[in-house]
Amino acid sequence: MIAEVKILGKRKLTPYGIEIKKRLLEKNLTQKEFCEKFGIGQTRLSEMLYGAAPGYKYRKIIEKALK
């Protein structure tokens with residue numbers, strides 16, 4: 001887990017990550033609140049936003065929730 005944090009700390013948000021962050025701001029949701037509400041692990045969402053994991057399993061859920 002510590003190694004993952006270091007790796008993520010060096011990465012920048014992907015274009016997908018930037019878009020999701022914007023949508024979260026528009027809906028006044030933190031990543032933590034969003035994850036709790038939709039049953040997505042916080043680490044998984046972070047990995048998706050920074051390109052460390054594709055997260056295909058969750059993309060439809062995220063897109064639908066943040067329309």
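The values are calculated or read from the model by the stated rules, or taken from the named source; none is laboratory data. Keep in mind the model is a prediction, meaning the values are calculated, not measured. FYI the Cβ positions are ideal-geometry reconstructions off the backbone, even for glycines, and counts take in every protein chain you see.
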Checklist entry - Only one of (1) free of Cβ contacts under 8 Å to residues at least 40 places away in the same chain; (2) in a loop (DSSP other than H, G, I, E, B) is not met by Tyr58, so which one is it? => result (2)
Checklist entry - Which numbered condition trips up Lys10, out of (1) at pLDDT below 95; (2) surrounded by 13 or more Cβ atoms within 10 Å (Cβ to Cβ); (3) among the basic types (Lys, Arg)? => result (2)
Item to check | Candidate set from the range 31-52 (those that are within 10 Å of the chain's Cα centre (by Cα) and outside any helix (DSSP H, G or I)); member that is surrounded by the fewest Cβ atoms within 10 Å (Cβ to Cβ) | outcome: Gly41
